[in-house]
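J.: My questions will all concern the structure given below.
None of the figures in this text is laboratory data; all of them are computed from the coordinates on show. Everything numeric here is computed off the predicted structure, so don't read it as measured data. Cβ placement follows ideal geometry from the backbone for every residue including glycine, while neighbour counts extend to all protein chains displayed.
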Amino acid sequence: MGKEGNERGRPSGSDRHRLPDGVQVERVELEEDGEGWYLDFFDVGWDTPVPSRIRTRTLMPGTVDAWHLRSDSSRLACCVKGTTEVALHDPGNGNGTRTTSSLLMGDRTPRVVIVPPGVLYGFRNIGRRNSILLLASSGGEDGSVLPPEEVGHTWVEARGRRLI
């Protein structure tokens, strides 16, 4: 298990665009045994606070759950069933460095995305069945939800149709 991409945990060229500063992507390996497999969702060796809350989120096919902003806690996300696009947006905080990027994660592409405070994030189920996300946060439930027009990211279906 370790950081995917270069030494700062940025994804390799297969993912779209540069990730916002502070975002980490941890590639996780499935450990198979005779009954199934294990997936390590959290490792104390990662550069992130210990989660204080862990929950699941189910998304129906084609649905979008965005945009979330946590002001003083990190969010860990891992798709354990299905395939989910995670989009990440750095609002730039007035310094003109706004960036939006996205990557895929799922039961066939196991990874944990660690979103630091101040980075907006959202999820979209791109599969034909429900996707299940495992989400953990460090700290209180201080998150807020912003309307899509404040971010400017366009979610696009595989056939090119605009979603929001």
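J.: Provide the FRET efficiency to the nearest 0.05 for the residue 21-residue 65 pair, computing r from the beta carbons and using R0 = 22 Å.
T.: 0.40
J.: Sort 26, 150 so the one with the fewest other Cβ atoms within 10 Å of its own Cβ comes first.
T.: With the fewest neighbours first, 26, 150 line up as 150, 26.
J.: Mind giving me the nanometre distance, one decimal, between the label points for residue 72 and residue 53, set 7 Å out from Cα along Cα→Cβ?
T.: A separation of 1.4 nm, rounded to one decimal place.
J.: For every other residue with a beta carbon closer than 10 angstrom to the beta carbon of residue 65, add +1 if it is Lys or Arg and -1 if Asp or Glu, then tell me the sum.
T.: +2
J.: Quick one: length gained pulling residue 150 to residue 30 fully straight, 0.36 nm per residue minus the C-alpha distance?
T.: 39.5 nm
J.: Next question. Compute the signed sum of charges (Lys and Arg +1, Asp and Glu -1) over the other residues within less than 11 Å, Cβ to Cβ, of residue 127.
T.: Summing Lys and Arg as +1 and Asp and Glu as -1 gives +3.
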